[in-house]
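Down below is the structure, laid out as structure tokens.
The values are calculated or read from the model by the stated rules, or taken from the named source; none is laboratory data. Here the structure is a predicted model, which means the values were calculated and not measured. Heads up, the Cβs are rebuilt from the backbone with ideal geometry, glycines too, and the neighbour counts pull from every protein chain shown.
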Amino acid sequence: MSPIFRIDGPATGRENMAMDLTMHEEVCQGTIHSGLRLYSWSPWCVSLGKHQSVDALNQDAVRDLGLDVVHRPTGGRAVLHAEEVTYCICVSLPDASRAQHIYAAVHDLLYRVLAELAPSLTHASLSSDLRTHYSSQQPIGQACFSSHAKSEILWNNRKVVGSAQRVMDGVLLQHGSILCEQGHENLAHVIARNDDEAAKISSLLLNTSATLSEAAGHAISKQDVCSRFETQRELVVQDLQVISQLARGEAR
């Protein structure tokens, strides 16, 4: 059984999450053993981790910026999906203790493709203190791109791809945002309590995250990213096969 790899066009937050959950269900039912989907968002959308409350958002800012809002089935923190390509991978995972291995393997797959667009990308070798960071009661503790974990993809020690995962019914679902250009920093206006705080959070997000365009030194669009993955389709499918084997404990 071959993995499924597809590239979809932009959709609303609810539509995108529904398609991801459909792929998850297909893996649950054994229709496929793994799948990878790339997509974008229209309109721009704030996605919240499964346990985040929408009450933490500035609803006036959401309305003024014309943003959609949705909950992800995964954990993690708030992300403003703007000028990015989002990925979702689902894979059967009989042993949930292997989830961290899958997390790293997925980033290996992404890195091999994205490094062709921006050769100066690197992997994180050390995690920031995520437990302390996310337990913060400050608004910045609600933002995904304000910290990074081991194996994530960086440029100049700034996160380019932010990911979150969850194991449900023996199937791992992992989401991630591949930043192409700026826009995600506008999340500051949605999670801040006042203008001064928004300015500080926006500055912090720009200092802790980076886009492919910055890393490459020239504009990298969403279409550029999708086209690169399409040209590497055969290798991507092979990597998905290895990830599926790793999830079953058949590869190391």
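Of the residues making up segment 206-220, those that are touching a residue at least 60 places away in the same chain (Cβ under 8 Å), part of a helix (DSSP H, G or I) and touching a strand residue (DSSP E or B) at 6+ places or on another chain (Cβ under 8 Å) number 3. With respect to residue 131, is the statement that it is within 30 Å of residue 169 (Cα to Cα), crowded, with 19+ Cβ neighbours inside 10 Å, at pLDDT below 90 and not aromatic (Phe, Trp, Tyr) true? So residue 131 does not fit the description; no. Exactly one residue among 225, 236, 242 is modelled with pLDDT under 95 and either in contact with a helix residue (DSSP H, G or I) (Cβ under 9 Å, 6 or more places away or on another chain) or among the hydrophobic types (A, V, I, L, M, F, W, C) (or both), and that residue is 242.
Number of residues in segment 152-198 that are on the phi > 0 side of the Ramachandran plot and either part of a strand (DSSP E or B) or touching an Asp or Glu at 6+ places or on another chain (Cβ under 8 Å) (or both) equals 1.
Yes/no matrix, rows are residues, columns are (1) in contact with a Phe, Trp or Tyr (Cβ under 7 Å, 6 or more places away or on another chain); (2) surrounded by fewer than 24 Cβ atoms within 10 Å (Cβ to Cβ); (3) of a type in the set (A, V, I, L, M):
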| residue | (1), (2), (3) |
| --- | --- |
| 160 | no, no, yes |
| 168 | no, yes, yes |
| 177 | no, no, no |
| 187 | no, no, yes |
| 195 | no, yes, no |
| 198 | no, yes, yes |
| 208 | yes, yes, no |
| 230 | no, yes, no |
| 245 | no, yes, no |
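Look at residue 242 and say whether it is more than 17 Å from residue 61 (Cβ to Cβ) and part of a helix (DSSP H, G or I). Yes. Quick check on segment 39-56: of everything there that is crowded, with 20+ Cβ neighbours inside 10 Å and of a type in the set (A, V, I, L, M), which residue is modelled with the lowest pLDDT? Looking at the filtered set, the residue picked out is 48.
Of all the numbered requirements in (1) more than 28 Å from residue 30 (Cα to Cα); (2) touching a helix residue (DSSP H, G or I) at 6+ places or on another chain (Cβ under 7 Å); (3) not acidic (Asp, Glu), residue 98 misses one, and that requirement is (1). Test residue 238 against the stated conditions and say whether it is over 16 Å from residue 87 (Cβ atoms) and surrounded by fewer than 16 Cβ atoms within 10 Å (Cβ to Cβ). It is true that residue 238 is over 16 Å from residue 87 (Cβ atoms) and surrounded by fewer than 16 Cβ atoms within 10 Å (Cβ to Cβ).
Here 118, 105 are screened, and the one residue that is modelled with pLDDT of 95 or more and either in a helix (DSSP H, G or I) or within 19 Å of the chain's Cα centre (by Cα) (or both) is 118. Number of residues in segment 23-36 that are within 22 Å of residue 230 (Cα to Cα) and either of a type in the set (Val, Ile, Thr) or surrounded by fewer than 20 Cβ atoms within 10 Å (Cβ to Cβ) (or both): the value is 1. Candidates in segment 60-85 are the residues that are within 10 Å of residue 44 (Cβ to Cβ) and in contact with a strand residue (DSSP E or B) (Cβ under 7 Å, 6 or more places away or on another chain); of these, the one that is surrounded by the fewest Cβ atoms within 10 Å (Cβ to Cβ) is 68. Could you tell me whether any residue of segment 81-96 is part of a helix (DSSP H, G or I) and out of contact with any Phe, Trp or Tyr (no Cβ under 8 Å at 6 or more places or on another chain)? Taking every residue of segment 81-96 in turn, at least one turns out to be part of a helix (DSSP H, G or I) and out of contact with any Phe, Trp or Tyr (no Cβ under 8 Å at 6 or more places or on another chain).
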